[in-house]
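**Q** Attaching a single structure in structure tokens format; questions to follow.
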Amino acid sequence: MIEVNNVVKRYITGEIDFTALKSVSLKIDKGEFTSIMGPSGSGKSTMMNILGLLDRMNSGTYILNNQNVSNLTDNELAHIRNKEIGFVFQAFNLLPRMTVLENVELPMAYAGVSKKERRERALIALDKVGLSDRVKHKPNEISGGQKQRVAIARAIVNTPAVVMADEPTGNLDTKSSVEIMKIFQDLNNEGATVIMVTHEPDIAKHTKRVVRFRDGEIVDDYEVKDRIIL
């Protein structure tokens with residue numbers, strides 16, 4: 001599903017030359033549910049941005065779903081990103097003037113899906129996250145936990161190869177966080193590959209595998225033994 005080899009990412013600003021990732025290699029198989037953890041500045045968010053095709057590496061190779069995406073053009077990357085990757089962000093990133101349903105339809109509009117099919121698939125995705133009764137609401141009319149559910153529905157509506165979540169429970173209370181992790185577990189049980197950045201050990205316990213970063217390198221990679229299953 002995902003294989004990166006010897007990935008290096010450097011940021012050069014003026015006289016500052018910072019290496020965020022130092023020859024990182026990582027393999028994630030189809031159907032895994034993986035947490036990426038590490039302190040601030042460890043490289044975990046840089047790794048997620050590269051895996052999500054939001055940022056480019058300086059050197060190394062990246063195979064996504066059997067395709068080498070290491071040296072594609074921006075347009076090619078945008079196409080693959082919309083087709084293969086579903087994103088869930090800490091800040092939800094919903095458009096405030098659109099309804100819940102319209103927000104979920106958005107990735108399909110970019111993919112050229114017909115209006116009728118967009119509506120059908122968006123309703124199915126919202127039903128999957130338990131929000132069938134909120135389709136006409138605007139984002140400011142629903143709770144934080146519900147906003148994150150909308151974001152998850154939007155992420156899965158194009159049936160991507162992998163769902164990537166960046167601190168998806170960071171802005172939520174404990175109850176909402178558990179509800180969101182249950183949705184991710186259900187998606188994973190249905191076959192979705194899920195990769196999640198988190199700094200919360202109790203959230204990582206809901207996943208199957210933890211990859212820890214420090215100073216731009218992977219320092220630990222292990223199966224979660226005392227996993228919380230919801």
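The values are calculated or read from the model by the stated rules, or taken from the named source; none is laboratory data. These numbers come from a predicted model, not from an experiment. Positions of Cβ are generated from backbone atoms using ideal geometry, with glycine treated the same way; all protein chains shown enter the neighbour counts.
**Q** Determine whether the stretch 176-185 contains at least one residue that is of a type in the set (S, T, Y), within 18 Å of G52 (Cβ to Cβ) and within 18 Å of the chain's Cα centre (by Cα).
**A** Of the stretch 176-185, the ones of a type in the set (S, T, Y) are 176-177.
From the residues that got through so far, the ones that are within 18 Å of G52 (Cβ to Cβ) too are none.
No: the stretch 176-185 contains no residue that is of a type in the set (S, T, Y), within 18 Å of G52 (Cβ to Cβ) and within 18 Å of the chain's Cα centre (by Cα).
**Q** Next question, about the same structure. Sort out which residues of the stretch 1-50 are outside any strand (DSSP E or B) and closer than 20 Å to E223 by Cβ, and write them in order of number. Full working, then the answer.
**A** Residues of the stretch 1-50 outside any strand (DSSP E or B): 1, 14-15, 29-32, 38-50.
M1, D29, K30, G31, E32, G38, K44, M47 - these are the residues of the stretch 1-50 that are outside any strand (DSSP E or B) and closer than 20 Å to E223 by Cβ.
**Q** Also: Filtering the stretch 124-150 down to residues that are assigned to a helix (DSSP H, G or I) and of a type in the set (S, T, N, Q), which residue is surrounded by the fewest Cβ atoms within 10 Å (Cβ to Cβ)? Lay out the reasoning, then the answer.
**A** Keep residues of the stretch 124-150 that are assigned to a helix (DSSP H, G or I), which gives 124-128, 132-134, 139-141, 144-150.
When the remaining residues are screened for being of a type in the set (S, T, N, Q), the result is 132, 140, 146, 148.
Numbers: S132: 11, N140: 9, Q146: 20, Q148: 29.
Among those residues, the one meeting the criterion is N140.
**Q** For residues that are closer than 14 Å to F89 by Cβ, modelled with pLDDT under 95 and of a type in the set (V, I, T), tally how many sit in the stretch 166-196.
**A** Residues flagged as closer than 14 Å to F89 by Cβ, modelled with pLDDT under 95 and of a type in the set (V, I, T) within the stretch 166-196 amount to 2.
**Q** Another question about this same structure. Which residue pairs have Cβ atoms closer than 7 Å, lie 6 or more positions apart in sequence or on different chains, and pair a first residue in the stretch 88-110 that is under 17 Å from T159 (Cα atoms) with a second residue that is among the β-branched types (V, I, T) and surrounded by 14 or more Cβ atoms within 10 Å (Cβ to Cβ)?
**A** If the second residue must be among the β-branched types (V, I, T) and surrounded by 14 or more Cβ atoms within 10 Å (Cβ to Cβ), the pairs left are V88/I152; V88/V163; L101/V135; N103/V150; V104/V150; V104/V157; P107/V157; M108/V157.
**Q** Here is a follow-up. Tell me whether the stretch 6-17 contains one or more residues that are of a type in the set (S, T, Y) and surrounded by 13 or more Cβ atoms within 10 Å (Cβ to Cβ).
**A** no
**Q** Moving to a separate point now. Given the conditions (1) closer than 18 Å to M1 by Cα; (2) under 17 Å from the mean Cα position of the chain (by Cα); (3) modelled with pLDDT of 90 or more, report the number of the one that D221 does not fulfil.
**A** If we test D221 against (1) closer than 18 Å to M1 by Cα; (2) under 17 Å from the mean Cα position of the chain (by Cα); (3) modelled with pLDDT of 90 or more, just (2) comes out false.
**Q** Only one of (1) in a helix (DSSP H, G or I); (2) under 15 Å from G144 (Cβ atoms); (3) touching a helix residue (DSSP H, G or I) at 6+ places or on another chain (Cβ under 7 Å) is not met by T169, so which one is it?
**A** For T169, the exception is condition (1).
**Q** If the requirement is being in contact with a His (Cβ under 9 Å, 6 or more places away or on another chain) and either in contact (Cβ under 8 Å) with a residue 12 or more places away in the chain or in a strand (DSSP E or B) (or both), which of these qualifies: K182, K175?
**A** Numbers: K175 fails: in contact with a His (Cβ under 9 Å, 6 or more places away or on another chain).
Unique residue meeting the criteria: K182.
**Q** Restricting attention to the stretch 60-92, report how many residues are in a loop (DSSP other than H, G, I, E, B), surrounded by 14 or more Cβ atoms within 10 Å (Cβ to Cβ) and polar (S, T, N, Q).
**A** Number satisfying all stated conditions: 3.
**Q** Any idea which of A161, A153, A204, A165 is surrounded by 17 or more Cβ atoms within 10 Å (Cβ to Cβ), of a type outside the set (V, I, T) and free of Cβ contacts under 8 Å to residues at least 60 places away in the same chain?
**A** On the way: A161 fails: free of Cβ contacts under 8 Å to residues at least 60 places away in the same chain; A204 fails: free of Cβ contacts under 8 Å to residues at least 60 places away in the same chain; A165 fails: free of Cβ contacts under 8 Å to residues at least 60 places away in the same chain.
The match here is A153.
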